[in-house]
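Report on the structure given below.
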Amino acid sequence: MLPTNSSPTRRLVFGLAVACGWLWTGPVGLRGDASESAVANLPPYARAAGEVSGSLKSVGSDTMNNLVALWAEGFKKFYPNVREGIEGKGSASAPPALMEGTCSFGPMSRDWKPSEIDAFEERHGYPPTVVPVAIDMLVIFVHRDNPLASLSLEQIDAMFSRNRKGGLTDDIRTWGDLGLTGEWQDKPISLYGRNASSGTYGFFKEVALFKGDFKTTVKEQPGSSAVVQSVASDRYGVGYSGVGYRTADVRAVPIRIRSGEPIPAEPLRAYAGEYPLTRFLLLSVNHRPGSGLDPLRREFLRYVLSGTGQHEVTKDGYLPVTPAVARRSLAAAGIETP
């Protein structure tokens, strides 16, 4: 069950995804290794007839930077004449680049804001096309030596937010405030996070902070990798990042919703919509409704949402979409599927 403070758009998207087959039955269902099961149900990419060439420019999410690079590398094996350029400055950089026509795709780890959609629609006369291309779990990372068993969303809020809209009366400043004893009891909690241009920052603010404001003591990092590296080198640190950036030097803390059981960041819990910080990773494209995409953008989306492209998703530590979500994503961009 998703937390009640998630956005209406996010609740709707997840509801549709579950209803349309995140957990489906068939020759290979989402049991055991859920990621491998999802990829096995998607057809491999088949090279298109005719020439596909040109410049494939991506501007947007830092979280998706490595993933887009993997997709571009794999895509060029089919189409060697394609040139790529990838900028991962944060999700906030995608809408203006897409609106101005300086990129082919805008990868984002958050939804478009209403003001961004309005500006795009005013310029082009139609809204941007936004398609889910992978699934991410935003994870609370602590140092590998930290014995903390779990955190509630309300405790996460009281650690990172100065407003405590989650409902806890008292601020959480030390590890002892979370019940740790011994050497941990009096140690201040070091907070690490992203900057305001990051989609991860916006998603965490909306869901984990109940739309509250970050404390000024949060040390903002330029990217997801930097957050994880900071926690890995700080015994008393805690930070948030996409699951794909996990390393052996940090530990993911299970999350509780209210007084429920701790929910680990595991694929089956994400596919079921149970892990509270699950989100889609998105590719945005300027697509006029009723028209067809040019061959380069059409084939790149087909590659991304094929079994071949979704295998790259698992390689980067994220979760692949299911066939139902892949079909809907391609249809949204005017791409027919068999």
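When the residues of region 327-338 are filtered to those that are of a type in the set (A, V, I, L, M, F, W, C) and open to solvent by less than 30 Å² (accessible area, probe 1.4 Å), the one that is nearest to residue 266 (Cα to Cα) is 330.
Tell me, yes or no, whether region 212-226 has at least one residue that is open to solvent by 30 Å² or more (accessible area, probe 1.4 Å) and small (Gly, Ala, Ser). Checking region 212-226: at least one residue is open to solvent by 30 Å² or more (accessible area, probe 1.4 Å) and small (Gly, Ala, Ser). The sole residue among 48, 119 that is open to solvent by 10 Å² or more (accessible area, probe 1.4 Å), farther than 20 Å from residue 195 by Cα and free of Cβ contacts under 8 Å to residues at least 60 places away in the same chain is 119.
For region 237-261, the set of residues classified as of a type in the set (Ser, Thr, Tyr) and either buried (at least 18 other Cβ atoms within 10 Å of the Cβ) or modelled with pLDDT under 95 (or both) consists of 240, 241, 245, 259, listed by residue number.
Of all residues in region 289-317, those satisfying the criterion of being farther than 17 Å from residue 78 by Cβ and either in contact with a strand residue (DSSP E or B) (Cβ under 9 Å, 6 or more places away or on another chain) or hydroxyl-bearing (Ser, Thr, Tyr) (or both) are 289, 291, 313, 314, 316, 317. Restricting attention to region 262-282, does a residue exist that is open to solvent by 10 Å² or more (accessible area, probe 1.4 Å), touching an Asp or Glu at 6+ places or on another chain (Cβ under 6 Å) and either in a loop (DSSP other than H, G, I, E, B) or under 26 Å from residue 195 (Cα atoms) (or both)? No, region 262-282 contains no residue that is open to solvent by 10 Å² or more (accessible area, probe 1.4 Å), touching an Asp or Glu at 6+ places or on another chain (Cβ under 6 Å) and either in a loop (DSSP other than H, G, I, E, B) or under 26 Å from residue 195 (Cα atoms) (or both).
The set of residues in region 312-326 being closer than 10 Å to residue 42 by Cα and surrounded by fewer than 19 Cβ atoms within 10 Å (Cβ to Cβ) consists of 324 alone. Do the conditions hold for residue 301, that is, is it in contact with an Asp or Glu (Cβ under 9 Å, 6 or more places away or on another chain) and hydrophobic (A, V, I, L, M, F, W, C)? Spelling it out, it is not the case that residue 301 is in contact with an Asp or Glu (Cβ under 9 Å, 6 or more places away or on another chain) and hydrophobic (A, V, I, L, M, F, W, C). Applying the criterion of being part of a loop (DSSP other than H, G, I, E, B) and modelled with pLDDT under 95 to the residues of region 168-199, the residue that is least open to solvent (accessible area, probe 1.4 Å) is 198. Within region 208-237, the residues that satisfy the criterion of being under 18 Å from the mean Cα position of the chain (by Cα), of a type in the set (Gly, Ala, Ser) and part of a helix (DSSP H, G or I) are 224, 225, 226.
The values are calculated or read from the model by the stated rules, or taken from the named source; none is laboratory data. This structure is a prediction, so every number in the text was calculated from the model and none was measured. For neighbour counting, all protein chains shown are included, and Cβ atoms are generated from backbone atoms with ideal geometry for every residue, glycine included. Ligands, DNA and RNA are stripped out before the accessible areas are found, and what is left, the full protein with its side chains, is counted by its heavy atoms. Shrake-Rupley method; radii C 1.70, N 1.55, O 1.52, S 1.80 Å.
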